[in-house]
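Bear in mind that the values in this text are calculations on the coordinates, not laboratory data. Everything numeric here is computed off the predicted structure, so don't read it as measured data. Neighbour counts run over all protein chains shown; Cβ positions are idealised from the backbone, glycine included.
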There are 2 protein chains.
Amino acid sequence: MEFKEKYNQWLNIVNAALENMLEEKDNPQKNIYRAMKYSLEAGGKRLRPILTLAVCDSFGQDYKIAMPYACAIEMIHTYSLIHDDLPAMDNDDYRRGKLTNHKVFGEAMAILAGNALLNYAFEIMHQDMLKNKEFLERKIKAACIISNASGVSGMIGGQVIDIESQNKEMTLELVEYMHSKKTGALIKAPVLAAAVLCDARTDEMKYLEQYAEKIGLAFQIKDDILDFEGDFKVMGKLSGNDAANNKQTFVTLYGLDKAREILYKTASEALKYISKLNFESHFLEELVDYIVTRDK
Amino acid sequence: MEFKEKYNQWLNIVNAALENMLEEKDNPQKNIYRAMKYSLEAGGKRLRPILTLAVCDSFGQDYKIAMPYACAIEMIHTYSLIHDDLPAMDNDDYRRGKLTNHKVFGEAMAILAGNALLNYAFEIMHQDMLKNKEFLERKIKAACIISNASGVSGMIGGQVIDIESQNKEMTLELVEYMHSKKTGALIKAPVLAAAVLCDARTDEMKYLEQYAEKIGLAFQIKDDILDFEGDFKVMGKLSGNDAANNKQTFVTLYGLDKAREILYKTASEALKYISKLNFESHFLEELVDYIVTRDK
């Protein structure tokens, strides 16, 4: 099967699972489900959950065991976007070509919808542990990896640096540290969560971690390039927004040519690490190419 | 030991544990620890974690097993206060006599500090499961109870109704439903989490749930009375704030006298349920009196 076909197959599986997990209930607080669903079903790439399922598949493990963890990560990712777009944060009106959550539901509801998605991610994982007791210790390890990656040592830590650095000079080192937290942590988590669910050996964990770090970095550099070059139709948000917010990016730091050079070097390193693994890694290799060549 | 002495003993134990769990790290995102600590260590009553420890104690179980879950609930409670105070929500400048989180650290950091506390609550529980494998299934049940109580079916659900009902007429039924979610869910959770950690029988769970529901309701009615009567010095926030925000409370709905009557009736029901339990419940009985007579 071709990569694109396979990616879309995973995408449909993830979308169906997410839709199934977030059932609207007819209760007095029902509007929050609408706000949660609005952003969760806004047509994301589903890179993070697909990473989880693909790593499981590479280990020859049924991907279904990882589904609650894969979906939890996507919910955490979505909550972070809703909060990042808030007036007090990046103040963005558009995301993926649609109005941002707070522009549709108001600021208070957007804050609550974000909180609710973060909370729901954990509810889903806990419910899975309660219902399906197989591999319980592996599941707890996966939950540890995910909650750590989304917290102060991970994604939130990166957001803090991002907020505090606006309109300030940043060292290259700090920019890289920020991205490794803000974007990197939640690209590494789906890979490592899948690995522990499949009971990966220490050396396998190490190579997968290095692979995930490189694709996380490549993803961010490509994002910065797209933001710099992109136009509204392709990116679904106003282009050059980072520059407008006085944010330091790989493009503002290195220039476009050098950023591209680093992107390709990073991609080739990702491929090197994944090749060290003794398993069916075709999809994970092609995924590197997808990250480098994507146009949104 | 007298109730007050015992309460203060638990309070000191909880405060020490919270301080110990939230260690400031010297990393580029270190300011978030300051913002988290500011609100977490702002001198709350610690009612929720103390409930957890006291229920464990009543079952004759070492309270230490419940400490991560007790502290997690207090972190969730604190995050909800930080977010409730935001300009987009209740827009409060003071809480417990101190400036609110966003007044000190700015809105963006307050949003992130809230998120970080919610996330950290789950990190703590997961870490405990990973390190201390005794009673693993009970711990998972406790985590399920807590994440459910803090989510869309619980506290966040109540916040949604609260936000959507401002400046609107509310039925009595809806006000009670809102409080059972917004405040009640996170007072019930510490009691039930402790009960499952102690492997309580079904009938014990039922009586504890009814006890917890009644003290949750009593707590809210008393809060409304204090808000109506209170002055800044005692409550640590501007009094009559609910009325200023056009919020329906038990006092605005029933009047002060009737609200007090319901408060006492509710308290006596709480005492009735706790007396059905065949364990050392002296502290939990006195706690009802504390909730009814407290002045802040």
Return the whole-Å distance between the Cα centroid of region A:148-224 and the Cα centroid of region B:102-140. 19
Using a label point 7 Å beyond Cα on the Cα-Cβ vector, give me the inter-copy distances for A:H282 in nanometres, one decimal, shortest first. 7.3
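Beyond a 23 Å Cα-Cα separation, which of these cross-linked pairs lie in this structure: A:K181/B:K181; B:K64/B:K98; A:K139/B:K182; A:K247/A:K296? Don't jump to the answer; show the numbers that get you there.
On the way: A:K181/B:K181 34 Å; B:K64/B:K98 31 Å; A:K139/B:K182 30 Å; A:K247/A:K296 19 Å.
Over 23 Å apart, Cα to Cα: A:K181/B:K181; B:K64/B:K98; A:K139/B:K182.
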Ignoring everything except DSSP H segments at least 4 long, calculate the 222 nm mean residue ellipticity for the protein assembly as shown; use -39,500 (n - 2.57) per segment, divide by total residues, nearest 500. -22500 deg cm²/dmol
Given Cα pairs under 8 Å that are at least 6 residues apart, what percent is the relative contact order of chain A? 18
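Please average, across the residues of B:171-184, the number of beta carbons from any other chain that are within 10 Å of each residue's own beta carbon, and give a whole number. Present the calculation step by step, with values, prior to reporting the outcome.
Working: counts 1, 0, 1, 1, 0, 0, 3, 2, 0, 0, 3, 1, 0, 0.
Mean inter-chain Cβ contacts per residue within 10 Å come to 1.
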Let me understand region B:74-216 better: what is its radius of gyration from the alpha carbons, and its Dmax, in angstrom? 16.8, 50
Position B:K45, label points 7 Å along Cα→Cβ, spacing to each other copy in nm (shortest first, one decimal): 5.0
Listed by chain and number, the residues whose amide H is under 5 Å from that of B:Y94, excluding neighbours fewer than 5 places away on the same chain and using placed H, are B:T100, B:L238
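In peptide A:77-83, what is the residue-averaged number of other protein chain Cβ atoms found within 10 Å of each Cβ?
Working: counts 0, 0, 1, 1, 0, 0, 5.
Mean shielding by partner chains, rounded to a whole number: 1.
Can you tell me the FRET efficiency between B:K206 and A:D199 if r is taken as the Cβ-Cβ distance and R0 is 30 Å, rounded to the nearest 0.05?
Numbers: r = 40 Å, r/R0 = 1.33.
So the FRET efficiency works out to roughly 0.15.
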Counting partner chain Cβ atoms within 10 Å of every residue's Cβ in A:22-30, what's the average? 5
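How would you order B:32-39, B:253-260, B:96-103 from highest to lowest mean count of nearby Cβ atoms within 10 Å?
On the way: B:32-39: 21.4, B:253-260: 14.4, B:96-103: 19.1.
Those peptides, ordered most packed to least, come out B:32-39, B:96-103, B:253-260.
Step through the table entries B:K37/B:K168; A:K103/B:K30; A:K141/A:K276, compare each Cα-Cα distance with 26 Å, and write down the pairs that go over it. Before the final figure, lay out the partial values.
Values: B:K37/B:K168 36 Å; A:K103/B:K30 31 Å; A:K141/A:K276 24 Å.
Flagged as over cut-off: B:K37/B:K168; A:K103/B:K30.
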Defining the label point at 7 Å along Cα→Cβ, can you sort the distances from A:Y94 to the same site in each other copy, shortest first, in nm? 4.6
How big is the protein assembly as shown on each of its three principal axes, counting only the C-alpha atoms and giving the largest first in Å? 73, 47, 45
Under a straight-distance cross-link criterion of Cα-Cα below 17 Å, which lysines are reachable from B:K272, leaving out those fewer than 8 residues away in the same chain? B:K188, B:K206, B:K214
Chain A: which residue's Cβ hugs the A-to-B rotation axis most tightly, distance rounded to whole Å? A:F122, 2
Between B:E23 and B:E229, with labels modelled 7 Å along Cα→Cβ, what's the label distance in nm to one decimal, could you check? 4.6
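For a footprinting-style exposure proxy, rank B:V55, B:V292, A:V104, B:V160 by other Cβ within 10 Å, fewest first. Walk me through the numbers before you get to the answer.
Details: B:V55 31, B:V292 20, A:V104 14, B:V160 27.
Fewest to most other Cβ atoms nearby, the residues stand as A:V104, B:V292, B:V160, B:V55.
What shape does chain A take by its C-alpha gyration tensor, where a ≥ b ≥ c are the square roots of the eigenvalues and a/c under 1.5 counts as rounded, a/b above b/c as prolate, and the rest as oblate? Don't jump to the answer; show the numbers that get you there.
Values: a/c = 1.60, a/b = 1.06, b/c = 1.51.
Oblate, since a/c reaches 1.5 and b/c is not below a/b.
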Give the residue list of GluC sites (Glu not before Pro) in region A:1-64 that are DSSP loop and have at most 12 other beta-carbon atoms within 10 angstrom. A:E2, A:E23, A:E24
